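The next block holds one structure in the form of structure tokens; read it before the comments.
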Amino acid sequence: MARVLLLNGPNLNLLGTREPAIYGTDTLESIEKRSAVLAREAGHEFLAFQSNAEHELIARIQKAPADGIAFLIFNPGAFTHTSIALRDALLGARVPFIELHLSNTHARESFRQHSYFSDIAVGVIAGFGAFGYELAMRAAAARLARGA
Ligand code: DQA
């Protein structure tokens, strides 16, 4: 049994109504519920946190090791393309993580094509909409099964 934390960054609280043609119509609540079921089925404990504030995400990442979090699934939202501070928090916490995006950021505006996280992530999932969260949870469980 391991503890997995799903972290979502800015504007992802608006999923369901936010640009549905790009991000789909599933709400964050329904995504978190589905992820929790998958985590439990794989024998893991699931936690979720969303914030629009960079400092709150940093604080949550800093606290992750003390909270016994073994794996992170992280959709940093627009901070993907801007936040060296979140990158440094992840490097400091040394908790393995999957970078996740609903949209295929590589097929969008050029400013979305650089990520401060991809090179330090275990892996990246992008472009599968809400299903990506399910893929990420399954990938996390597979990693945890072999010691993360
Ligand atoms: C996103 C992609 C980002 O570029 C954007 O700023 C988001 C959502 C995604 O899930 O596709 O807020 O991370």
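The values are calculated or read from the model by the stated rules, or taken from the named source; none is laboratory data. Fair warning: this is a prediction, and the values are worked out from it, not measured in the lab. Don't worry about glycine lacking a Cβ; one is built from the backbone with ideal geometry, like all the others, and counts go over all protein chains shown. Heads up: the accessible areas ignore ligands, DNA and RNA and are worked out on the full protein's heavy atoms, side chains in. Shrake-Rupley method; radii C 1.70, N 1.55, O 1.52, S 1.80 Å.
Among ILE58, ILE98, ILE73, the residue with the largest mean-square fluctuation in a Gaussian network model of the chain, with springs joining Cα atoms closer than 10 Å, is ILE58. The stretch 33-54 and the stretch 80-148 have Cα centres separated by 15 Å. Each Lys and Arg Cβ is given +1 and each Asp and Glu Cβ -1; about its Cα centre, the chain then shows a dipole of about 300 debye. With each label modelled as a point 7 angstrom along the Cα→C-beta vector, the SER118-THR25 pair spans 3.1 nm.
For ARG18 and MET1 in the same chain, what is the full-extension length gain: residue separation times 0.36 nm, less their Cα-Cα distance, in nm? Extending this stretch completely gives an extra 2.6 nm.
Rounded, prolate or oblate: which one fits the stretch 103-148, using the alpha carbon gyration tensor with axes a ≥ b ≥ c (rounded when a/c is under 1.5, else prolate when a/b beats b/c, else oblate)?
Oblate, because a/c is 1.5 or more while a/b does not exceed b/c.
Excluding ligands, DNA and RNA, the accessible surface per residue across the chain is 48 Å² with a 1.4 Å probe. A simple spin-label model places pseudo-atoms 7 Å from Cα toward Cβ; at ARG94 and GLN62 they are separated by 1.8 nm.
Relative contact order, whole percent, for the chain stands at 27, derived from Cα pairs under 8 Å and 6 or more residues apart. Inter-label distance, ALA78 to PHE111: 0.8 nm, where each label sits 7 Å from its Cα along the C-beta direction.
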